[in-house]
Amino acid sequence: MKRVGGSSAMAWLFGASLVILCLWVLLPLYLLMVNSVSTPDQIHGWPKRLWPEISFDTILFFWNFQGVAQAMFNSIVTAVITLLLSILLGTPAGYGLARFRFRGKNLFRIMVLMTRAFPLPLLALPLAVVYLQIGLDDTLIGVALVHTMLALPFTVLVTFSLFLGIPRELEEVAWTMGCTRWEAFRKVVLPLAAPGIAASAVFAFVVSWNEVFAAAILTVNNQTLTAFLVQSLDESPVHLKFAGGLVLVLPALVFIFAVRKYMFSLWGIASR
Amino acid sequence: MTGISVAGIQKRFGAYQALTSVSLEVRDSEFTVLLGPSGCGKSTLLRIIAGLEYADGGTIDIGQRRVNDLPPRLRRIAMVFQNYAVFPHMTIYDNVAFGLRTRKTPEAEVRTRVMRMAELMDIGAQLSKYSAQLSGGQRQRVAVARALVVEPEVLLMDEPLSNLDALLRLQMRAELKSLLQEFNTTTIYVTHDQVEAMSLADRIAVMNGGHIEQYGSPMQIYSRPATRFVGGFIGNPPMNFLLDDHHSYSRQVGLERPGKAHSLGIRPEDIQVYREMATQCWPVKVGVVECLGPMQQFTAELDHQMLRVTADPDLALHSGETLYLRPDPAKVCWYDGEGRMLPV
Ligand SMILES: Nc1ncnc2c1ncn2[C@@H]1O[C@H](COP(=O)(O)OP(=O)(O)O)[C@@H](O)[C@H]1O
Ligand SMILES: [Mg+2]
């Protein structure tokens, strides 16, 4: 393999692109953090300081803002339901894909991916109508169902590659040693797959936590945090937005940090 | 008494016929080896016996019990896989104890049996380690220990030695042989290595293209190959086959031959080599000469047909010279046009 940046000009270009890309991602995060721990005055003030005096005024204001606590609670409930549903539905599907031969298997895999290509806005109106009809409108479980739909393809494909990576013989040897299929799964496969399943669980949580479109459309009173922030965006002071932004970003950051070890293998195998 | 009786087993994978009506009888405490080239269906047959794969037709009995519809866990078997399949998330102790624990053996008994097995397999020092900390040979021992500790009625092994390097394989082969003689377990052992098969087996089933070509003792298989395939697969170098449809070569050396004979087969070491013209000999031209230490091998051309011959190491051989060969009449086998052996 040739090294990227064989000549010095290439190396320079490569380095510069890296710096730009990093700034592109990190600068907003930096501003978000800094402004969240600044006083409201500092947020509006100029010039900025690189390190503000740490103050929790903004965060406290955000926390005490009417409706934030409830919205945050709703977000957590929705995300936990999404997490549970995705794992409970997605893991068996991933296992089935990895271990069984059946008719239409490849079609099924493509369909799983295709659901991600389907634009949610197109689905929004019919979904809202159906939800109104069956009484799921403005409920957290209703939102969680849509979020599960968004997270499920990843859960299926990630657990699929996870189970593929666990040799079939490990299970088979357990069967010959007196295990039922389920016992072999529980004693042999599950312990080996647990870290990966945990990673995809956290991923489902983050998908739900960050989703705004469906949450905003399907709820009126029981809003999740994203829906709440979007709706009160116009009327709320700017430091509220910063604090809200940080709260939204934080779980995703924690997630990436926690599962960074898996990220590459997940993408690499999930696209196979 | 745990014999294995397999009758008329068939298996298709899609349009591909992997097994065509395979039948096999393994007697109690017999060591049977399934031998054949890669892809001939050995593993498929073994997995069907283990219950890891369903047959499309035929019956399997283990110890007078019809097991066709039983899951692997109820077939009273143990299996050793080529890649050992040692559970990576358990210590070696827990690996060996696994089968005993799923059968609800009291923990005190688990302990004594695991310890005894560990001593027997020389893995006592590894018991608290994990699979990743072991060498290939040690993993192999763990896999065998784990299978034997439950004292199975039937032991199935799928190329258990083929992932070891040559020296270790030789050593493990000898150990395995004495171990299994001691345990007296009915065993089916899959390999594509003919030396392994010859040295381990009570009986060898030579497979080819989804069926069994011959099932017999190593000596029967070697000296009386039932088909040309078996003769050509077993032996290094393999059996020579001489096309003799006009009866000219057999008459030349004074051999009686069955009427339908199409070709004659003779092992390289069953040919006498003469330097001087003698009666009832094939005059041949020497091709490549290879000295292998205890003996030498050379290729001999007889009217555009090639023979491989084993000769004494002190015989001076020169490429291109003419020699005279005479096959041992008692060792010659006759084959018909389809390659099946004919009775003399
Ligand atoms: N699960 C499967 N799906 C499709 N074909 C298979 C499967 N398992 C084995 N085969 C085919 O069946 C034939 C026999 O395989 P196998 O029993 O593994 O051979 P061996 O162990 O003798 O090398 C091979 O041609 C193989 O490609
Ligand atoms: Mg095989």
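The values are calculated or read from the model by the stated rules, or taken from the named source; none is laboratory data. All values reported here derive from a predicted model rather than from experimental measurement. Backbone-built Cβ (ideal geometry, glycine too); neighbour counts: all protein chains shown. Please note that ligands, DNA and RNA were not included when accessible areas were found on the heavy atoms of the full protein model with its side chains. Shrake-Rupley method; radii C 1.70, N 1.55, O 1.52, S 1.80 Å.
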- Ignoring ligands, DNA and RNA, how do A:Ser38, B:Ser38, B:Ser217 rank by accessible area with a 1.4 Å probe, largest first? B:Ser38, B:Ser217, A:Ser38
- With every protein chain left in place, what is the accessible area per residue of the protein assembly as shown in square angstrom, probe 1.4 Å? 50 Å²
- Message: Taking θ = phi - 60°, what integer Hz values does the Karplus form 6.51 cos²θ - 1.76 cosθ + 1.60 yield along the stretch B:299-309, in sequence order, with x for Gly and Pro?
- Response: 9, 10, 9, 10, 6, 6, 9, 9, 10, 9, 10
- Task: Heads up, I need the accessible area for B:Tyr249: 1.4 angstrom probe, whole protein in place, Å², nearest 10.
- Result: 30 Å²
- At 7 Å along the Cα-to-beta-carbon direction for both B:His89 and B:Glu290, put a label point, then send me their distance in nm to one decimal. 4.9 nm
- Query: Mind checking how much accessible area A and B bury in total, 1.4 Å probe, in Å² rounded to 100?
  - Reply: 1700 Å²
- Task: Output ³J(HN,Hα) for the stretch A:154-167: one whole-Hz value per residue in order, computed from phi by the Karplus curve 6.51 cos²θ - 1.76 cosθ + 1.60 with θ = phi - 60°, and x for Gly and Pro.
- Result: 5, 4, 4, 6, 5, 5, 4, 5, 4, 5, 4, x, 9, x
- Task: Between B:Leu167 and B:Ser21, with labels modelled 7 Å along Cα→Cβ, what's the label distance in nm to one decimal, could you check?
- Result: 5.0 nm
- Note on the structure: Here the percent of antiparallel bridges among DSSP beta bridges lying wholly in the protein assembly as shown, to the nearest 5, is 75 percent
- Give the relative contact order (percent, whole number) for the stretch A:67-270; include only Cα pairs under 8 Å separated by 6+ residues. 34 percent
- Backbone HN-Hα couplings from phi across the stretch A:39-44 [Karplus 6.51/-1.76/1.60, Hz, Gly and Pro as x]: 6, x, 5, 5, 4, 7
- Residues with amide H under 5 Å of B:Gln17's amide H, sequence separation 5 or more or different chain, H placed in the peptide plane at 1.01 Å from N; which? none
- Ignoring ligands, DNA and RNA, what percent of the accessible area of chain A is carbon or sulfur (1.4 Å)? 74 percent
- Task: Heavy atoms only, probe 1.4 angstrom, no DNA, RNA or ligands counted: give me B:Asp245, B:Asp122, B:Asp69, B:Asp94 ranked by accessible area, highest first.
- Result: B:Asp69, B:Asp122, B:Asp245, B:Asp94
- Taking a 1.4 Å probe, which of B:Tyr324, B:Tyr215 shows the most accessible area, and what order do the others take after it? B:Tyr215, B:Tyr324
- Message: For chain B, what does the relative contact order come out to in percent, with C-alpha contacts under 8 Å and a separation of six or more?
- Response: 16 percent
- In debye, nearest 20: dipole of the stretch B:241-342 around its Cα centre with unit charges on the Cβ of K, R (+) and D, E (-)? 200 debye
- Just give the residues from the stretch A:158-193 buried by at least 50 square angstrom of accessible area in the all-chains context relative to the isolated chain, probe 1.4 Å, and say none if nothing qualifies. A:Glu169, A:Leu170, A:Glu172, A:Val173, A:Trp175, A:Thr176, A:Met177, A:Lys187
- To the nearest 500 deg cm²/dmol, what mean residue ellipticity at 222 nm is calculated for chain A from DSSP H runs of n ≥ 4 alone, each contributing -39,500 (n - 2.57), summed and divided by the residues? -25000 deg cm²/dmol
- Message: Can you list residues from other chains, or at least 5 along the same chain, whose modelled amide H is less than 5 Å from the amide H of B:Asn240?
- Response: B:Ile266, B:Arg267
- Per-residue average of Cβ from other chains inside 10 Å of B:84-91: 5
- Note on the structure: Per the rule of 0.36 nm per residue minus the C-alpha distance, extending B:Gln305 to B:Ala132 adds in nm 57.0 nm
- Message: If I compute solvent accessible area with a 1.4 Å probe over the protein chains, what percent of it on chain B is carbon and sulfur?
- Response: 50 percent
- Note on the structure: Taking the alpha-carbon centre of each part, the distance from the stretch A:102-145 to the stretch B:156-233 in Å is 57 Å
